[in-house]
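The values are calculated or read from the model by the stated rules, or taken from the named source; none is laboratory data. Fair warning: this is a prediction, and the values are worked out from it, not measured in the lab. Because the Cβ atoms are built from the backbone with ideal geometry, glycine has one as well, and the counts that use them run over all protein chains shown. These accessible areas exclude ligands, DNA and RNA; they are computed on the full protein's heavy atoms, side chains included. Shrake-Rupley method; radii C 1.70, N 1.55, O 1.52, S 1.80 Å.
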Amino acid sequence: MNDLQNVKVVQITPAAAIVDNAPFATAALDTRGFGKLLIIVALGALDIALTAMKLRESDDNAAYSDVPGADFSIAPQTLPSATDDNKLYAFHVDLRGRKRFLDLSLTGGDGTTGTFASVTAILSNAADGPNTAVKRGFAQEVI
């Protein structure tokens, strides 16, 4: 099996309407059985800086706390600004020792139009690799 087939891809925030002065809807991510995680935040047009972009974790998918070192508002990281249109941002996470559920806190600032973003997660280093398109997170795939 190709290493790129031994992953699970999850849409955390699908491409949708522009968000202004509000949090983006995000899906919690169940990381059970995986060792590594890459979260990619794809920004479109922004007319103001984001006000939050950080990773949170939970044992039970209910009570979440911040993941240390995974907050773009804390130096040396910086939140994307109004001039960061069409850029990609990433969270690289070693899941060993992390809580089972992760969620992204992503909030658009209060601008004239708002912010467009989508977020995709790629889980890898599976204990038991996904062996179908659906288990890898796809409706269909070509190999």
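Some points to look at:
- Take each peptide in 57-63, 73-79, count the other Cβ atoms within 10 Å of every residue, and average; sorted highest first, the result is 57-63, 73-79.
- Sequence-distant residues sharing a close amide H with I18 (under 5 Å, placed H): none
- The D59 and D84 beta-carbon pair, evaluated with R₀ = 25 Å, returns a calculated FRET efficiency of approximately 0.15.
- Per residue, the accessible area of the chain comes to 55 Å², computed with a 1.4 Å probe over protein heavy atoms only.
- Apportionment of accessible area to carbon and sulfur, the chain, percent (1.4 Å): 53
- Per-residue ³J(HN,Hα) for the stretch 74-83, Karplus 6.51 cos²θ - 1.76 cosθ + 1.60, θ = phi - 60°, Hz, x for Gly and Pro: 10, 4, x, 6, 9, 5, x, 9, 4, 9
- Sequentially through the stretch 125-131, phi angles give Karplus couplings (6.51, -1.76, 1.60; θ = phi - 60°) of 6, 6, 5, 10, x, x, 10 Hz, Gly and Pro residues having no value and appearing as x.
- For the options T26, T83, T13, a Gaussian network treatment of the chain with springs between C-alpha atoms closer than 10 Å singles out T83 as fluctuating the most.
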